[in-house]
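Participant: Okay, here's the structure, questions in a sec.
The values are calculated or read from the model by the stated rules, or taken from the named source; none is laboratory data. What you see is a predicted model; the values in this text were computed from it and never measured. Glycine gets a Cβ as well: all are built from the backbone with ideal geometry, and neighbour counts include every protein chain shown.
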Amino acid sequence: MTTTEIRNILHQFIDTAQDKKIKAIYTVVEAEIERGSHWEDEAFVTEMNKRSAELESGKVKGYTWEQVKTRAKKALKTTTVR
């Protein structure tokens, strides 16, 4: 079944479902709905563009994911567990 078919089935179900079922479905997805997308926030996008430009220009030093993992593993090895 395609995503489009699933969407259509869900739309039909929601349009005719009992209030109790609608509230239950909403409870399951409420946090996701309220969170929304950061990319719709103009201030967030502006900040990310600024940070990206600083990295690309060399103004700010960045690390690759591999470098971050290596440093974290090294830090774990030198940490004393009590």
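Participant: Can you name the number of the only condition in (1) out of contact with any helix residue (DSSP H, G or I) (no Cβ under 9 Å at 6 or more places or on another chain); (2) surrounded by 11 or more Cβ atoms within 10 Å (Cβ to Cβ) that Gly58 fails?
Facilitator: So the condition that Gly58 fails would be (2).
Participant: May I ask you to verify whether Val29 is exposed (fewer than 11 other Cβ atoms within 10 Å of the Cβ), of a type outside the set (S, T, N, Q) and within 22 Å of the chain's Cα centre (by Cα)? Walk me through how you get there before you give the answer.
Facilitator: Working: exposed (fewer than 11 other Cβ atoms within 10 Å of the Cβ): yes; of a type outside the set (S, T, N, Q): yes; within 22 Å of the chain's Cα centre (by Cα): yes.
For Val29, the condition - exposed (fewer than 11 other Cβ atoms within 10 Å of the Cβ), of a type outside the set (S, T, N, Q) and within 22 Å of the chain's Cα centre (by Cα) - is met.
Participant: Determine which single condition Val68 fails, assuming it passes every other condition in (1) surrounded by fewer than 11 Cβ atoms within 10 Å (Cβ to Cβ); (2) modelled with pLDDT of 90 or more; (3) within 26 Å of the chain's Cα centre (by Cα).
Facilitator: (1)
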